[in-house]
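Throughout, read-outs are computed from the coordinates displayed, never taken from laboratory work. Predicted model, so just to flag it, every value in this text is computed and none were measured. With ideal geometry, Cβ positions are generated from the backbone for all residues, glycine too; neighbour counts draw on all protein chains shown.
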Amino acid sequence: MIPVNERLEQLKEKAQEARRQTEYQASGQAIKAAVKGQAQVIELLAAQQVELTALRQDVARLSRTHAKGGFPWGLLLLAGGTYALYRFSPAVHQRVNSVLGQADPSVESNLNRAKNAANDGVEDLREGRHPGDALERVGGELHRASEKTADRLKGGLDELKDEAKDRLDGRPR
């Protein structure tokens, strides 16, 4: 029979060996999992690199197209569609006219000049000329009209704000 002290020492050594073996196996599994995760990240980065390269090529192609003075077909189609809707839809026509009637006369004159410039652009296209100048005038007039409208709305908003402040302070207006 083995003395108790020796038996305890053997059990202690076996427990330590089992612990070292378990730590070794766990570290091996952790390393495998880390390597697998890194491989997935590398695959994801490679896919993103391919997408970025494709996007760079698209941007370069588009910038070359527009650098050559590409015609703004989208803007022309939008203007044409808007005009057709205004022209052939009575509800839209009436709504636009009522909004114009409420607008500041200077805004209305800007919109009329924009309409005339759009007509000039269409005429330029019919005659085979580049409508760029006319479209720039349309954009400028619309920009000025929107600025005037925004200023007018801001003024009205400031008045409402002052009135609300006066009422909250108890001062009659």
The chain, Kirkwood Rh and Cα Rg, ratio Rg/Rh at 1.52
Note to self, the chain gives a 222 nm [θ] from helices alone (DSSP H runs n ≥ 4, -39500 (n - 2.57) apiece, / all residues, nearest 500) of -32000 deg cm²/dmol
Partner aspartates and glutamates whose C-alpha sits under 13 Å from that of Lys115, ignoring same-chain residues fewer than 8 away, are Glu123, Glu136, Glu141
Among Ser27, Asn97, Gly80, the residue whose Cα sits farthest towards the positive end of the charge dipole of the chain (+1 at Cβ of Lys and Arg, -1 at Cβ of Asp and Glu, taken about the Cα centre) is Ser27
Per GNM of the chain with C-alpha springs under 10 angstrom, the most fluctuating residue out of Leu75, Leu111, Leu55 is Leu55
FRET efficiency for Val92 and Ala39 from the Cβ-Cβ distance with R0 = 45 Å, rounded to 0.05, comes out at 0.15
For 1-8, 21-28, ranked highest to lowest by mean beta-carbon neighbours within 10 Å, the order is 21-28, 1-8
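What is the magnitude of the charge dipole of the chain about its Cα centre, with +1 placed on the Cβ of each Lys and Arg, -1 on the Cβ of each Asp and Glu, and no other charges, expressed in debye to the nearest 20?
Using only the charged Cβ atoms, the result is roughly 320 debye.
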